[in-house]
Amino acid sequence: MNSPFGLIQFKGDQTLKVLQGQCTQMVTGLSTEHAPLVAFCDPKGRMFGSGRLLQYNNLVSLITPIDQSDALLKRLHPFLALSRVSAALTEIPVGLVAQSSLSPAVCQHQPGTTRVGEFGNTQWQVGDQDQLHDPKADIARLSAGLGFVRQGSADLLIPQQAHYQMLGGVNFNKGCYTGQEVIARLEHLGQAKKYLYVYREAPVYPGESVELDGTSFQVFDAANDQEDQAALLLAPVSVNLKQLIHVPLTITRQVEGQRPVKLCQPLCCQSLVDLAKRS
């Protein structure tokens with residue numbers, strides 16, 4: 001199937017300096033072996049873009065959903081233009097596939113192709129014309145708790161509500177960036193009232209509202225194939241619905257610049273054992 005993900009490439013000597021001031025991770029020393037998860041936020045801390053930043057063919061590049069790429073580039077343009085940095089969505093193929101020997105964010109380069117480990121035992125294939133995107137890998141990624149900003153879900157939540165601080169997507173030790181004040185305040189003073197939960201009952205799409213037991217929940221990210229589906233829905237921490245599964249954050253590791261975060265457990269959620277039986 002056609003991949004919903006693409007590769008944005010940046011050109012300009014000041015690329016990493018500009019991105020350092022706009023994203024949630026430390027990227028000034030971006031290496032070829034690491035592809036950090038990053039989010040781009042407005043001054044209120046709400047995410048309007050996200051993806052994995054990496055070095056590909058000697059250019060800083062971003063794996064990100066295609067449907068939100070134009071909006072992301074438009075909002076970054078004023079900052080990029082001031083430093084004479086250009087950016088555009090390329091035609092370089094990007095696919096997510098199941099089964100990976102790489103840990104999340106670890107890069108492995110071969111001539112013309114780069115592999116990047118991802119959550120859910122999946123990996124990105126960048127530049128591989130023969131490797132098709134696998135929707136089952138997308139479902140595994142979402143079931144592991146990682147979602148990306150999609151068309152229809154921009155400005156919906158802040159990084160902590162998407163568990164980015166637990167997935168290596170927020171560095172609390174870096175300097176100023178757009179939205180930092182709100183994100184840091186939440187880190188130091190408390191927790192959000194809503195977080196993302198896994199939903200696997202029926203096919204849904206990013207930006208939709210799903211009604212469960214008379215309450216509407218908005219879809220942040222989703223993937224579907226003919227046999228299975230998974231989505232991440234924004235719901236209160238006190239939600240008590242068997243259809244919503246608590247994100248299995250025990251699979252994540254703390255990264256440099258990240259403090260341990262205690263998330264409020266929902267009063268009732270489907271167990272991961274039940275989830276495994278369905279996978």
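The values are calculated or read from the model by the stated rules, or taken from the named source; none is laboratory data. Nothing here was measured: the structure is a model prediction, and the numbers come from that model. Cβ sites come from the backbone with ideal geometry, for glycine too, and all protein chains shown count toward neighbours.
Listing for the model above:
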item	result
Complete set of residues in the range 224-234 that are in contact (Cβ under 8 Å) with a residue 24 or more places away in the chain and either surrounded by 24 or more Cβ atoms within 10 Å (Cβ to Cβ) or of a type in the set (Asp, Glu) (or both)	Asp225, Asp228, Ala230, Ala231, Leu232, Leu233
Met166, sole failed condition from (1) touching a residue at least 12 places away in the same chain (Cβ under 8 Å); (2) surrounded by fewer than 21 Cβ atoms within 10 Å (Cβ to Cβ)	(2)
Filtered residue count, the range 28-55, keeping only those that are more than 13 Å from the chain's Cα centre (by Cα) and surrounded by fewer than 24 Cβ atoms within 10 Å (Cβ to Cβ)	13
Residue selected from the range 24-81 under the condition assigned to a loop (DSSP other than H, G, I, E, B) and in contact with a helix residue (DSSP H, G or I) (Cβ under 7 Å, 6 or more places away or on another chain), by the criterion farthest from Gly95 (Cα to Cα)	Lys44
Pairs, first within 23 Å of Asn121 (Cα to Cα) in the range 72-101, second basic (Lys, Arg), C-beta under 7 Å, six or more apart	Leu96/Arg141; Ala98/Lys136
Residue match in the range 171-194 (condition: crowded, with 23+ Cβ neighbours inside 10 Å, of a type outside the set (Val, Ile, Thr) and closer than 21 Å to Ala235 by Cβ)	no
Residue within the range 115-123 that is surrounded by fewer than 23 Cβ atoms within 10 Å (Cβ to Cβ), over 27 Å from Gly179 (Cβ atoms) and of a type in the set (Ser, Thr, Tyr) present	no
Filter result for Leu212 (modelled with pLDDT of 95 or more, more than 30 Å from Gly175 (Cβ to Cβ), crowded, with 22+ Cβ neighbours inside 10 Å and not hydroxyl-bearing (Ser, Thr, Tyr))	no
Residue within the range 91-100 that is part of a strand (DSSP E or B), among the aliphatic types (A, V, I, L, M) and out of contact with any Asp or Glu (no Cβ under 7 Å at 6 or more places or on another chain) present	yes
